[in-house]
Amino acid sequence: MTLFIGSLQLGLLYGVMVLGIYISFRILNIPDLTAEGSFTLGLAVSAACTLSGHPFLGLLAAMAAGSLAGSFTGFLHTCLGIHPVLTGILTMSGLYSVNMLVLGGTPNLALMGRDTLFSLAVSAGAGLDKEMTRLCVALAAAGLSAAVLAWFFRTRLGLYIRATGDNGDMVRASSIHEKRMKLIALALSNGLTALCGGLIAQYQSFADISSGVGTLVVGLASVIIGEALLGRRSVTLGLCSSILGSVVYRYIIAVATRADWFPAYMLKLVSALIVTLALALPALGTMTETYRIRRQGRTAVCISGTGMETAQRPYGPAAGRGGRHNGIHA
């Protein structure tokens with residue numbers, strides 16, 4: 001039960017980060033590597049503010065810092081014309097030094113004995129035990145973030161951002177400022193990623209400079225797993241599926257770790273394999289469908305009254321038009 005609730009808590013909290021990955025990866029079609037730096041930035045800012053006695057301010061400051069990092073990435077891409085992957089790498093590399101500065105020059109920072117969002121919620125809990133209270137906080141954070149984003153992407157600005165990711169040429173022809181839309185979307189994406197980092201810092205009561213390593217891989221895996229379960233019919237469904245994918249991903253990791261199938265240092269390799277499998281699911285589905293169609297179109301052996309006759313079945317578009325196939329007409 002402890003493993004079940006703990007994985008659910010982490011899945012919901014990391015779901016906030018996955019929402020940010022969904023915006024950049026699915027809506028903008030940009031694999032933004034800034035996420036690994038902005039997650040740690042939110043972690044460090046939240047930890048520093050919590051040490052000063054301001055846990056709620058730490059979450060707001062973390063989101064603001066992440067949005068600033070995303071805006072810088074957007075500036076490099078839209079105004080300076082640098083490739084989006086390179087802009088993410090540049091910002092992520094620069095943020096390492098910034099994160100060390102925020103942490104006071106140390107690679108980690110402990111928050112033991114300090115008031116955090118979760119400890120305050122446990123203190124004010126109405127008859128709930130510690131783990132259930134923390135679960136309610138994680139559920140509120142993920143649910144509120146998804147609800148606000150679902151509302152936002154139905155507004156005019158949100159529709160502009162969605163159109164920018166779908167068809168940039170059409171957006172420019174419609175007199176919509178494409179560069180501004182990308183900048184806003186990247187700021188929002190990294191703001192959510194940093195907010196997740198701030199929540200994780202207060203959840204685990206410490207901050208580490210290497211916490212953001214593999215963030216993009218985890219986010220992509222969660223997005224793809226969620227889409228495999230619920231589909232991609234709308235943005236609102238995509239946001240919900242991202243959170244579901246984050247929870248499922250955490251359970252997969254928890255089960256694999258619990259079963260002692262591999263040592264702890266192999267966790268990153270397992271994560272990469274999960275992402276690879278998740279990304280390959282659409283291609284595997286297409287290959288399966290193609291194989292099924294080709295199998296139906298193979299030579300059919302018909303038994304007539306006088307013996308054996310071999311006829312070729314048409315497949316594909318020719319099947320409905322009575323077209324020619326290997327010299328035999330339908």
- request: Select from the range 100-142 the residues that are touching a residue at least 40 places away in the same chain (Cβ under 8 Å), over 17 Å from S46 (Cα atoms) and either open to solvent by less than 40 Å² (accessible area, probe 1.4 Å) or not aliphatic (A, V, I, L, M) (or both) and list them in ascending order.
  value: E131, R134, L135, A142
- prompt: Looking at A254, A221, which is the one that is under 14 Å from the mean Cα position of the chain (by Cα) and touching a residue at least 40 places away in the same chain (Cβ under 8 Å)?
  reply: A221
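Can you tell me how many residues within the range 40-60 are in a helix (DSSP H, G or I), free of Cβ contacts under 8 Å to residues at least 40 places away in the same chain and touching a Gly at 6+ places or on another chain (Cβ under 9 Å)?
2
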query: Within the range 206-216, can one find any residue that is surrounded by fewer than 15 Cβ atoms within 10 Å (Cβ to Cβ), under 16 Å from the mean Cα position of the chain (by Cα), modelled with pLDDT under 90 and small (G, A, S)?
result: no
query: Out of curiosity, is L86 of a type in the set (A, V, I, L, M), under 21 Å from the mean Cα position of the chain (by Cα) and open to solvent by 70 Å² or more (accessible area, probe 1.4 Å)?
result: yes
query: If you go through the range 235-254 one residue at a time, do you hit one that is under 26 Å from A121 (Cα atoms), open to solvent by 10 Å² or more (accessible area, probe 1.4 Å), touching a helix residue (DSSP H, G or I) at 6+ places or on another chain (Cβ under 9 Å) and at pLDDT below 85?
result: yes
field: Within the range 1-30, tally of residues that are open to solvent by 30 Å² or more (accessible area, probe 1.4 Å) and either within 13 Å of the chain's Cα centre (by Cα) or within 27 Å of E178 (Cβ to Cβ) (or both)
entry: 4
One residue from P31, P55 being touching a helix residue (DSSP H, G or I) at 6+ places or on another chain (Cβ under 7 Å) and modelled with pLDDT under 90: P31
statement: Scanning the range 56-83 residue by residue, the ones that are crowded, with 20+ Cβ neighbours inside 10 Å and among the β-branched types (V, I, T) total 1
query: Of these, S97, S71, which one is out of contact with any helix residue (DSSP H, G or I) (no Cβ under 8 Å at 6 or more places or on another chain), polar (S, T, N, Q) and in a helix (DSSP H, G or I)?
result: S97
message: Of the residues I184, I200, only one is β-branched (V, I, T), closer than 19 Å to F39 by Cβ and part of a helix (DSSP H, G or I); which?
response: I200
- prompt: Out of (1) open to solvent by 90 Å² or more (accessible area, probe 1.4 Å); (2) hydrophobic (A, V, I, L, M, F, W, C); (3) at pLDDT 50 or above, the odd one out for I274 is which?
  reply: (1)
- prompt: What single numbered condition from (1) within 29 Å of T2 (Cβ to Cβ); (2) surrounded by 20 or more Cβ atoms within 10 Å (Cβ to Cβ); (3) out of contact with any strand residue (DSSP E or B) (no Cβ under 7 Å at 6 or more places or on another chain) fails to hold for T34?
  reply: (1)
- prompt: Are any residues in the range 143-163 open to solvent by less than 10 Å² (accessible area, probe 1.4 Å) and either more than 23 Å from G66 (Cα to Cα) or over 18 Å from the mean Cα position of the chain (by Cα) (or both), and if so, which ones?
  reply: G158
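The values are calculated or read from the model by the stated rules, or taken from the named source; none is laboratory data. Note that this is a predicted model, so its numbers are computed, not measured. Please note: Cβ atoms are built from the backbone with ideal geometry, for glycine as well, and neighbour counts cover all protein chains shown. What goes into the accessible areas is simple: the full protein's heavy atoms, side chains included, and nothing from ligands, DNA or RNA. Shrake-Rupley method; radii C 1.70, N 1.55, O 1.52, S 1.80 Å.
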